[in-house]
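The values are calculated or read from the model by the stated rules, or taken from the named source; none is laboratory data. This is a predicted model, so every value here is computed, not measured. Positions of Cβ are backbone-derived with ideal geometry, glycine not excepted, and every protein chain shown enters the neighbour counts.
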Amino acid sequence: MANNDKGRVFGHIPGTTVGQIFADRVELAKAGIHKPTQAGISGSAKEGSDSIVLSGGYEDDEDFGNVIIYTGAGGKEHNAKVQTFDQQLSTTNLALARSHLEGYPVRVSRSLKHKDPKSTEKGYEYAGLYKVDDYWQEKGRSGFYVWRYRLIACDEQPTQEAPDEPSNGHTEARRVQTTVQRIVRDTKIAKRVKQLHNYQCQVCGIALETSAGLYAEAAHIKPLGQPHNGPDVESNILCLCPNHHVLFDNGGFTISDDLKLIGIEGELKTVTRHTVDLAFIQYHHEHYHMKR
DNA sequence: GGGCCCGCAGGG
DNA sequence: CCCTGCGGGCCC
């Protein structure tokens, strides 16, 4: 699946399977599932988080199997058990927030002891991919603020507590199967275009500032997929805010050969390192703007 | 079982 | 480069 410049891999690791058991954190790291040998969250503020581990080290965790309420890192003295100060939305906590914003799937592994407190076995089980459905801060049991993340399983996988929902046949299974692809909003190429524009909309110049960082959307000019079959290349992508993305995809405006906007005021904002292909612009103009 | 300290590998 | 972190082993 998608990976980025530094080689951080999002999604399943080839050669590993959901349910696979690893002897310890070093084995998890060697397999490429979770690289840090101690930290519970793998990731960086800019790239997002690709993996977490549940070890039972944080009292505010809640594990329902397919749904996990995970606690951010920090707020403790070195290797302490209890929170003694507020957690910050930085480093790995910010990475998980970024994964929510970008829709990245996060690998989840559980210590066997965490999966079943009665278990005397050691080791970690790879539980598959989850999406970061939401994140927020609240006071934990200690009385200090913690960051919390609701993770929802992408893969069909056995639950620990909740019984399976009544089956309604193959439609549900198909939905689950397609979830992983659907939640990832960006290809590597799309992300690069957004970075070139500093996440500023090429129409209005606004970059949305969220607590997880800047947000913009990559809009394909000649759409991907049948029957258009536009390519996923930089010259076929615009960096837009969500409002102008919707307008562009639905005929609210289009672009002329000299990059003037048609349908709304202004002209397309450009940067030197990113040029659009006029052929794609003409395709959009021809097929998506009301003729009169 | 709890405390302590030794770790490594990643991230800032 | 220094610092941190949902380990882990060892000692009592």
Odd one out for A:T275 among (1) in contact with a His (Cβ under 9 Å, 6 or more places away or on another chain); (2) more than 25 Å from A:S99 (Cβ to Cβ); (3) β-branched (V, I, T): (1)
In the set A:A29, A:A95, A:A73, the lone residue that is of a type in the set (A, V, I, L, M), in the same structural domain as A:K113 (by TED's automatic domain parsing) and over 13 Å from A:R148 (Cα atoms) is A:A29
Taking the condition in contact with a Phe, Trp or Tyr (Cβ under 8 Å, 6 or more places away or on another chain) and within 9 Å of DNA strand C (Cβ to nearest atom), does A:D24 pass? yes
Residue by residue through segment A:36-59, note down the ones that are touching a Leu at 6+ places or on another chain (Cβ under 8 Å) and within 8 Å of DNA strand B (Cβ to nearest atom). A:G43, A:A45
With (1) in contact with a Pro (Cβ under 9 Å, 6 or more places away or on another chain); (2) within 14 Å of DNA strand B (Cβ to nearest atom) as the list, and A:G11 as the residue in question, which single condition is left unmet? (2)
Among (1) surrounded by 15 or more Cβ atoms within 10 Å (Cβ to Cβ); (2) near DNA strand C (Cβ under 8 Å from one of its atoms); (3) farther than 29 Å from A:A216 by Cβ, where does A:V67 come up short? (2)
Test A:D50 against the stated conditions and say whether it is away from DNA strand C (no atom under 11 Å from the Cβ) and either of a type in the set (D, E, K, R) or outside the structural domain of A:S211 (by TED's automatic domain parsing) (or both). yes
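State whether one or more residues within segment A:245-260 are under 30 Å from A:W136 (Cβ atoms) and either assigned to a loop (DSSP other than H, G, I, E, B) or outside the structural domain of A:R98 (by TED's automatic domain parsing) (or both). It would help to see each step written out before you state the result.
The first filter runs over segment A:245-260 and keeps only residues under 30 Å from A:W136 (Cβ atoms), leaving A:245-246.
Next, only the ones that are either assigned to a loop (DSSP other than H, G, I, E, B) or outside the structural domain of A:R98 (by TED's automatic domain parsing) (or both) stay: A:245-246.
Scanning segment A:245-260, I find at least one residue that is under 30 Å from A:W136 (Cβ atoms) and either assigned to a loop (DSSP other than H, G, I, E, B) or outside the structural domain of A:R98 (by TED's automatic domain parsing) (or both), so the answer is yes.
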